[in-house]
Amino acid sequence: MVVPALLESLRVWLPELVLSLGAMAAMLAAPTAVGAAAGRRAALATWAALLLAADALWQVQGLPSGAYFSGLITVDALGHLFRWLALGVIALVVLMVVSSSDVSRGWVGEYLGLLLCVGVGLMAMAQANHLLMAYLSIELVSLSSYALVALVRDARSSEAALKYLLFGALASGVMLFGMSLLYGMTGELSLPGLQGALRTLDASSAGALALALTLILAGLAFKISMVPFHMWTPDVYEGAPVPVAAMLSVGPKAAGLALLLRFAQALSPAWEALGPMLAVLTVLTMTLGNVVAVVQQNVKRLLAYSTIGQVGYLLIGLSVRTTVGLEAIFVYLVAYLFMNLGAFACVTAVCNESRDESLDAFRGLSRRAPALAALLTVFLLSLAGIPPLLGFLGKFLLFGSAIEASRVWLAVAGVVNSAIALYYYVNIIRQMYLLAPERAGVLQAAWPLRLAVGVCGLATVGLGLFPGSLLEWLRAVAAATRL
Amino acid sequence: MVLSSLLLVPLLGILAILAAPRHAERLIQRLATLATALTLGLSLGLLAKFDPQLASLQFVERLSWIPPLGVFYHLGVDGLSLPMVVLTTLLSFLACLASWGIPERKKEYFILYLLLELGMVGTFLALDLFLFYVFWEVVLVPMYFLIGIWGGGRREYSAFKFFVYTLAGSLAMLLGILALYVQTHTFDMIQLAAAGPALDPGLQKLLFFAFFLGFAIKVPVFPFHTWLPDAHVDAPTPISVLLAGVLLKMGGYGFFRISYPLFPEGAQWFAGCLATLGMINIVYGAFVAMAQTDFKKLVAYSSVSHMGFVLLGLASLTPEGMNGAMLQMFNHGIITGGMFLLVGVLYDRAHTRELSAFGGLGARVPVYAGLLTFFSLASLGLPGLSGFVSEFLSLIGTFGVWRWQTVVSVLGIVVSAAYMLTVLQRVLLGPLNDKWTQLSDANLRELVTLVPLLLIILGVGLWPLSVLQWQDPSLRALIQHVLAPR
């Protein structure tokens, strides 16, 4: 009985297996050659792994939902959606890594290998059905991310990595403590088991339960940069290479939200007690992110605070806990994936050429690279929520879900924040179009970057104009997800 | 398909210009002019085929756009939107001719210009609230660039102020749209007009107020008007024409198309406020205009004053007042569009707009002087010209309903006569400043842009029914709908 079940589980996890093998191949391929050839071989292995994983993910789509690996992971529509998101993030970031000048050429193999490891971790996070699995997958993502941040090996990057590591270790410890409390109270580690055991828990342990849930929330809040656990974000983004910051701004946020959804579902009756606190933190997160972003001069710090603000919008969907809210989160995550990574890809192109991360580097970009400037404008306007771009649709649904759940004040907070956010997004547009360029010459981005920007631009505009089928798919996923 | 073609032509124009090489400036401006001319032709064709007897929507197109949300690509025109569509396409064409003088980055300019036209026309055609919001917002982005890149003075500041102000208003409207959708689960304005009046009166008032914020900033209603002088003054001439001529009307049109039909309880509840705000707009705008020394700023503030008559007429809920309000939107677009063109003609030559710098131009540039006199008289409401008709209708319609507001508003007309005549005196009369002895008169291109406006002003002034007949049945139906007992 054990062997067929294991084989069946491995079949479900074929995409993760392929990515893991790809990670090893990428790291091993690099030393077999010298110079640029090493990077090419690693990139080849990475692309092979990504394409095979995408194919495998497509194949396993039809497999029955349920628990696999003795209940460690669960296969369902929600997990499937987030696996695709994770794969999309990694693929786009790989395009940026191979053409970023922040990434030293000698380390491309390691970067790509670690990125694939992050991919495996993100996918596992989204499918975790067991506290141990949740913890392990978070650690896989975290440890790979620490290494990715530290690989540049200059003072700023080392500082960022150390900060990230210390904060991250603390958050992991806190979360682990919360999990151990849960285990102590119930003797259960699997999420369905916990759900059953918590129902029979007597009232005397309500305090301990609330503490455990708060601690778990704190650990995940760190991953998704939720206030008050956001402090690491700007420093780490500033120190990390642009593509790594791009990955951090989307991948762990999406997977962290997926895990939060799973916890909220499994720990359901007790989780409701966190509702008011979560709603307040939602508003604080978006407000802090957007207000502080206004005064940033470094584009990576600006995008870091913008990420915090965007996470705040996403948390609206989590706070309202309705099917509509769930659908809104999914739509916004898809939008966020494309618009944010698109913006980061444009930033990579500009920073590559100017070696300057201040907003001044964008001056007059519309004259030096008209297409790039136009697309960055599209991404920024989408982030600001201007129709008919995809970001608008996501925001529309998120605010709508708040009103539907009679939490009008969450929608009002979101709207006020959107107006604040316009300031710093338009400020970049102003630099590109209204000011004269500081340097001469045409800016030509490398082809992988142009590909990444093109794909993101096409998705942001195309899916914004014709979101019908995307919405139908995501609505089905939301309907299939129990709250 | 005739309404879609109004949107398709500017879109094709954009694609054609995108494909044109950057340095082929003459080709680009010809393409843009061709696109705007075609759109104008199509809208005039629409006018010919439109049946003015019907109060209902005509040429309706309805396609499913986002099925999961119930969003439709739903277009149609009636007496409320048709004058606005014609106004938009006409001013877009004339301002496109006036745009030939734009000195740099013509490719980007005309792409954004056509995108602006697309958004404006779409706003007046949309019958789906979601689609309406999309077009409404699409207007903002090109306008930001058009002011920010090609404007003068503090153009960055003005462009940004315009963007933030109107976006803040739009976001209030967005909340209203969402709340309405949660209640009714439709974006269809026709269905909403049937369902909206049945909503709880308290909710109607709240929703009316949310939409009011969005529209009031656009009109602009005092005290939300402070973006207007900055944006109008710093925008390049053709864009000022469209700002004053069309963008302000989007706000007024919103009341007719959305606020009044959807929330009749809210409309009646707010009418007193609206009349008072209209009065403040008229009088305050006129006094501030009188204090201006910059010609363009003076015209900008006169817009605040003139748009007050739209609010006043709206508040009356009488056929005369509503007809006056609607006609005032059309007339103001034509007259003030012409005034901004005239300011631009002078500024192109003299590079100053300070009224005190001029004097005695009447003898030096007689054609220009004639035109300026004509448009100024139209603006101050001389009987026989179009502005008089709409302001008069708006006042008599409101007099029986909001008496003292109407009485105070009449004061605004006196003040507007004072500042307009002062302009004529300072620019055209008195001794000629030596600096302007070489000033040339209006050229052919400028005449081509101004003379059609002049003819329309005269035509509507002498035979107001020419425009009123289009809008009257729809307006009467609207009033009946709003006042229907429940």
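Which ones in the range A:396-429 are open to solvent by 10 Å² or more (accessible area, probe 1.4 Å), more than 9 Å from chain B (Cβ to nearest Cβ) and within 30 Å of residue A:362 (Cα to Cα)? The one that is open to solvent by 10 Å² or more (accessible area, probe 1.4 Å), more than 9 Å from chain B (Cβ to nearest Cβ) and within 30 Å of residue A:362 (Cα to Cα): A:420. Only residues that are more than 13 Å from the chain's Cα centre (by Cα) and either small (Gly, Ala, Ser) or part of a helix (DSSP H, G or I) (or both) were counted across the range B:228-254, and they come to 8. So for the range B:192-199 (the condition being more than 11 Å from every other protein chain (Cβ to nearest Cβ), free of Cβ contacts under 8 Å to residues at least 12 places away in the same chain, open to solvent by 40 Å² or more (accessible area, probe 1.4 Å) and closer than 20 Å to residue B:81 by Cα), does at least one residue qualify? Yes. Hey, does the range B:118-130 have a residue that's of a type in the set (D, E, K, R) and either in a helix (DSSP H, G or I) or within 30 Å of residue B:319 (Cβ to Cβ) (or both)? Checked the range B:118-130: at least one residue is of a type in the set (D, E, K, R) and either in a helix (DSSP H, G or I) or within 30 Å of residue B:319 (Cβ to Cβ) (or both). Within the range A:148-183, the set of residues being in a helix (DSSP H, G or I), open to solvent by 40 Å² or more (accessible area, probe 1.4 Å) and more than 30 Å from residue A:201 (Cα to Cα) comprises A:155, A:156, A:158, A:159, A:162, A:163, A:165, A:166, A:167, A:169. Look at the range A:293-317: where a residue is in contact (Cβ under 8 Å) with a residue 12 or more places away in the chain and more than 14 Å from residue A:419 (Cα to Cα) and a partner is open to solvent by 10 Å² or more (accessible area, probe 1.4 Å) and among the aliphatic types (A, V, I, L, M), sitting 6+ places away or on another chain with Cβ atoms under 7 Å, you get A:305/A:292; A:308/A:288. Residues in the range A:240-275 that are among the small types (Gly, Ala, Ser) and over 18 Å from the mean Cα position of the chain (by Cα): A:264, A:266, A:268, A:270, A:273, A:275.
Cβ-Cβ contacts under 8 Å between residues 6 or more apart (or on different chains), taken from a first residue in the range A:460-483 that is away from every other protein chain (no Cβ under 12 Å) to a second residue that is assigned to a loop (DSSP other than H, G, I, E, B) and open to solvent by 50 Å² or more (accessible area, probe 1.4 Å), are listed as A:483/A:321.
Residues in the range B:107-135 that are under 18 Å from the mean Cα position of the chain (by Cα) and either open to solvent by less than 10 Å² (accessible area, probe 1.4 Å) or facing chain A (nearest Cβ under 10 Å) (or both): 15 in all. Across the range B:146-169, which residue is surrounded by the fewest Cβ atoms within 10 Å (Cβ to Cβ) among those that are charged (D, E, K, R) and either farther than 21 Å from residue B:243 by Cβ or more than 9 Å from every other protein chain (Cβ to nearest Cβ) (or both)? Restricting to residues being charged (D, E, K, R) and either farther than 21 Å from residue B:243 by Cβ or more than 9 Å from every other protein chain (Cβ to nearest Cβ) (or both), the top hit is B:154. Tell me, yes or no, whether the range B:378-399 has at least one residue that is out of contact with any strand residue (DSSP E or B) (no Cβ under 8 Å at 6 or more places or on another chain), open to solvent by 20 Å² or more (accessible area, probe 1.4 Å) and farther than 17 Å from residue B:324 by Cα. So far as the range B:378-399 goes, no, none of its residues is out of contact with any strand residue (DSSP E or B) (no Cβ under 8 Å at 6 or more places or on another chain), open to solvent by 20 Å² or more (accessible area, probe 1.4 Å) and farther than 17 Å from residue B:324 by Cα. Criterion applied to B:35, B:24, B:16 was being touching a Pro at 6+ places or on another chain (Cβ under 9 Å), open to solvent by less than 50 Å² (accessible area, probe 1.4 Å) and farther than 30 Å from residue A:472 by Cα, and the one residue passing it is B:35.
To keep it simple, each residue is scored yes or no on (1) among the hydroxyl-bearing types (Ser, Thr, Tyr); (2) not in a helix (DSSP H, G or I).
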site: B:53; (1), (2): no, yes
site: B:73; (1), (2): yes, yes
site: B:76; (1), (2): no, yes
site: B:79; (1), (2): no, yes
site: B:88; (1), (2): yes, no
site: B:108; (1), (2): no, no
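In the set (1) part of a helix (DSSP H, G or I); (2) open to solvent by 10 Å² or more (accessible area, probe 1.4 Å), the condition left unmet by residue B:104 is number (1). In the condition set (1) touching a Pro at 6+ places or on another chain (Cβ under 9 Å); (2) loosely packed, with under 15 Cβ neighbours inside 10 Å, residue B:69 is compliant with all but (2).
Identify, please: which residue in the range A:379-395 is assigned to a helix (DSSP H, G or I) and at the interface with chain B (Cβ under 10 Å from one of its Cβ atoms) and is, among those, surrounded by the fewest Cβ atoms within 10 Å (Cβ to Cβ)?
A:392
Pick from A:452, A:402: which is in a helix (DSSP H, G or I), within 15 Å of residue A:332 (Cβ to Cβ) and within 23 Å of the chain's Cα centre (by Cα)? Result of the check over A:452, A:402: A:402. Is it the case that residue B:138 is part of a helix (DSSP H, G or I) and open to solvent by 20 Å² or more (accessible area, probe 1.4 Å)? Yes: the conditions hold for residue B:138.
Among the residues of the range A:432-444, write down those that are of a type outside the set (D, E, K, R), closer than 24 Å to residue B:160 by Cβ and either open to solvent by 10 Å² or more (accessible area, probe 1.4 Å) or free of Cβ contacts under 8 Å to residues at least 24 places away in the same chain (or both).
Within the range A:432-444, A:433, A:434, A:435, A:436, A:437 meet the criteria.
Of the residues that make up the range B:189-209, is at least one among the basic types (Lys, Arg), assigned to a helix (DSSP H, G or I) and within 18 Å of the chain's Cα centre (by Cα)? No: the range B:189-209 contains no residue that is among the basic types (Lys, Arg), assigned to a helix (DSSP H, G or I) and within 18 Å of the chain's Cα centre (by Cα). Report yes if some residue within the range B:215-227 is within 14 Å of the chain's Cα centre (by Cα), among the hydrophobic types (A, V, I, L, M, F, W, C) and open to solvent by 10 Å² or more (accessible area, probe 1.4 Å); otherwise report no. Yes, the range B:215-227 has at least one match. When restricted to residues that are open to solvent by 10 Å² or more (accessible area, probe 1.4 Å) and at negative phi, the range B:317-334 contains 5. Of the listed requirements (1) surrounded by fewer than 16 Cβ atoms within 10 Å (Cβ to Cβ); (2) touching a strand residue (DSSP E or B) at 6+ places or on another chain (Cβ under 7 Å), residue A:73 misses just one: (1).
Just one of A:375, A:359, A:365 is more than 18 Å from the chain's Cα centre (by Cα) and either open to solvent by 10 Å² or more (accessible area, probe 1.4 Å) or hydroxyl-bearing (Ser, Thr, Tyr) (or both); which is it? Before the answer, list the steps.
Working: A:359 fails: either open to solvent by 10 Å² or more (accessible area, probe 1.4 Å) or hydroxyl-bearing (Ser, Thr, Tyr) (or both); A:365 fails: either open to solvent by 10 Å² or more (accessible area, probe 1.4 Å) or hydroxyl-bearing (Ser, Thr, Tyr) (or both).
Step by step, each of A:375, A:359, A:365 is checked, and only A:375 is more than 18 Å from the chain's Cα centre (by Cα) and either open to solvent by 10 Å² or more (accessible area, probe 1.4 Å) or hydroxyl-bearing (Ser, Thr, Tyr) (or both).
Looking across the range B:136-145 at every residue that is at the interface with chain A (Cβ under 10 Å from one of its Cβ atoms) and among the aliphatic types (A, V, I, L, M), the one that is farthest from residue A:425 (Cα to Cα) is identified as B:138. Each residue in the range A:47-70 was checked for being part of a loop (DSSP other than H, G, I, E, B) and open to solvent by less than 40 Å² (accessible area, probe 1.4 Å), and 1 pass. Scanning the range B:170-188 for residues that are under 25 Å from residue B:76 (Cα atoms) and more than 7 Å from chain A (Cβ to nearest Cβ) yields a total of 11.
The values are calculated or read from the model by the stated rules, or taken from the named source; none is laboratory data. Only a predicted model underlies this, so the values are computations on that prediction, with no experimental measurement involved. Please note: Cβ atoms are built from the backbone with ideal geometry, for glycine as well, and neighbour counts cover all protein chains shown. Remember, those area values only see protein heavy atoms, side chains included, never the ligands or the DNA or RNA. Shrake-Rupley method; radii C 1.70, N 1.55, O 1.52, S 1.80 Å.
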